[in-house]
1. Is it the case that Glu248 is in a helix (DSSP H, G or I) and in contact with a Leu (Cβ under 6 Å, 6 or more places away or on another chain)?
2. Suppose we keep only residues that are among the hydrophobic types (A, V, I, L, M, F, W, C) and more than 21 Å from the chain's Cα centre (by Cα) within the range 316-348. Which one would you say is least open to solvent (accessible area, probe 1.4 Å)?
3. If I ask for residues that are free of Cβ contacts under 8 Å to residues at least 40 places away in the same chain, among the hydrophobic types (A, V, I, L, M, F, W, C) and either buried (at least 18 other Cβ atoms within 10 Å of the Cβ) or assigned to a loop (DSSP other than H, G, I, E, B) (or both), which ones from the range 302-315 would you list?
4. Filter the range 132-147 for residues that are charged (D, E, K, R) and part of a helix (DSSP H, G or I) and give the result.
5. Please verify whether the range 148-163 includes one or more residues that are in contact with a helix residue (DSSP H, G or I) (Cβ under 7 Å, 6 or more places away or on another chain), free of Cβ contacts under 8 Å to residues at least 24 places away in the same chain and either assigned to a loop (DSSP other than H, G, I, E, B) or open to solvent by less than 20 Å² (accessible area, probe 1.4 Å) (or both).
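The values are calculated or read from the model by the stated rules, or taken from the named source; none is laboratory data. In this text the structure is predicted, and so the values were computed from the model without any measurement. Glycine gets a Cβ as well: all are built from the backbone with ideal geometry, and neighbour counts include every protein chain shown. Accessible surface areas use protein heavy atoms only, side chains included; no ligands, DNA or RNA. Shrake-Rupley method; radii C 1.70, N 1.55, O 1.52, S 1.80 Å.
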Amino acid sequence: MIEFLNLKRVNAPHADAIAEGMARVIDAGWYVLGRECGAFEAEFAAYCEVEHCISVANGLDALHLILRAYGIGAGDEVIVPSHTFIATWLAVSHAGATPVPVEPDARTFNMNAELIEAAITPRTRAIMPVHLYGQPADMDAIHSIAAKHGLRVIEDAAQAHGARYHGRRTGGLGDAAGFSFYPGKNLGALGDGGAITTNDATLAATVRELRNYGSKVKYQHDLLGVNSRLDEIQAAVLRAKLPHLDAENRVRASLAAAYIDALQDSAVVVPQVLAGTDPVWHLVVVQCPNRDALQAHLHEQHIGTMLHYPRACHLQGAYADRPWPSYPVAERLQSDILSLPIAPYMTVDDVHVVVEAIRGFYR
């Protein structure tokens, strides 16, 4: 059996270091915003090659608090992809602003930069590209548009820990970036967690205040803040796993290359990689004729798959309160895409088993 993802196997190589980190937290007797959190923030900032990292409770909060700190809210619009996890849209909505969707390039699944300018209005304040499935978005084109129109660029890097764009890490490619450390991410905690990375010292200071009840000094609250803090246990877990992230991403890259090479001339459409980028392959997503039947066939062969994402954001009940135009690329992808198993414990032989099962179905 080839499972889609087995988190027990993902974390097993780090078990001793995780246990040591947890023991440090217990011995310290300090469980929120303590030494582990501070150390992780410094280490992750260095890893992302930025000056500041502010840890928060989850990836949605990371994006939401960036928008809040930049004063983006009611009456404002933010450009988002039409094809993404709904957290991207929810962050904009929770800030009081309006998400304005732009279709993806179906070859990479990322926001099609050629379509952004047509979506900009006098109310637009920011562009929020998502480095979807671990592949960096077309950031040079996005920055060119943002500079022309005076817009912020906020990265949704929830699936792209360690990816590079022309040599630079995601997390340092915009004004600020939001990360998720949900357990299934390339860098995953044992619960929820998130972080904001930036070179903007003013933003960093504001977010630190917002995440802690709007407080810099205990019992003094100058902003309408929230409670969004990474706990010490999760910080210790992330510190244990961060030194191994690049090695695990290299395994993912080798597996993705094997999938793409072996399926290149098959019935399925494999993702294309944007020139100058080094994806980290959080997911390997292919476009498939007769997708549901293929997924059922793979299940019968004891091969796990998933759908990311089976319903476009504008078709979700959460956004049924407004009329939306059709977004045909996102709507087609929701019917065609299939996520294949990929994890740092897998081998190229496992990939070949999956590939043969796919080819067998279409034969």
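1. Details: in a helix (DSSP H, G or I): yes; in contact with a Leu (Cβ under 6 Å, 6 or more places away or on another chain): no.
Against the criterion (in a helix (DSSP H, G or I) and in contact with a Leu (Cβ under 6 Å, 6 or more places away or on another chain)), Glu248 does not qualify.
2. First, pick out the residues of the range 316-348 that are among the hydrophobic types (A, V, I, L, M, F, W, C): 318, 320, 324, 329-330, 333, 337-338, 340, 342-343, 346, 348.
Next, from what is left, pick out any that are more than 21 Å from the chain's Cα centre (by Cα): 320, 324, 346, 348.
Details: Ala320: 78, Trp324: 60, Met346: 15, Val348: 58 Å².
By that ranking, first place goes to Met346.
3. Taking the range 302-315 and keeping what is free of Cβ contacts under 8 Å to residues at least 40 places away in the same chain, we get 307, 310-311, 315.
Subsequent filtering for residues that are among the hydrophobic types (A, V, I, L, M, F, W, C) retains 307, 315.
If the condition is that a residue be free of Cβ contacts under 8 Å to residues at least 40 places away in the same chain, among the hydrophobic types (A, V, I, L, M, F, W, C) and either buried (at least 18 other Cβ atoms within 10 Å of the Cβ) or assigned to a loop (DSSP other than H, G, I, E, B) (or both), then Leu307 is the only one that fits.
4. First, the residues of the range 132-147 that are charged (D, E, K, R): 138, 140.
Asp140 - this is the single residue of the range 132-147 that is charged (D, E, K, R) and part of a helix (DSSP H, G or I).
5. no
Residue by residue, here is whether (1) farther than 13 Å from Glu49 by Cβ; (2) of a type in the set (Asp, Glu); (3) modelled with pLDDT under 95 holds:
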{"site": "Ile154", "(1), (2), (3)": "yes, no, no"}
{"site": "Ala158", "(1), (2), (3)": "yes, no, no"}
{"site": "Ala163", "(1), (2), (3)": "no, no, no"}
{"site": "Asp175", "(1), (2), (3)": "yes, yes, no"}
{"site": "Phe181", "(1), (2), (3)": "yes, no, no"}
{"site": "Asp192", "(1), (2), (3)": "yes, yes, no"}
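Results for (1) open to solvent by 10 Å² or more (accessible area, probe 1.4 Å); (2) over 30 Å from Pro344 (Cβ atoms); (3) in a loop (DSSP other than H, G, I, E, B), shown as yes or no for each residue.
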| position | (1), (2), (3) |
| --- | --- |
| Tyr182 | yes, no, yes |
| Leu187 | no, no, yes |
| Asp192 | yes, no, yes |
| Ile196 | no, no, no |
| Leu203 | no, yes, no |
| Leu210 | no, yes, no |
| Leu223 | yes, yes, yes |
| Leu238 | no, no, no |
| His244 | yes, no, no |
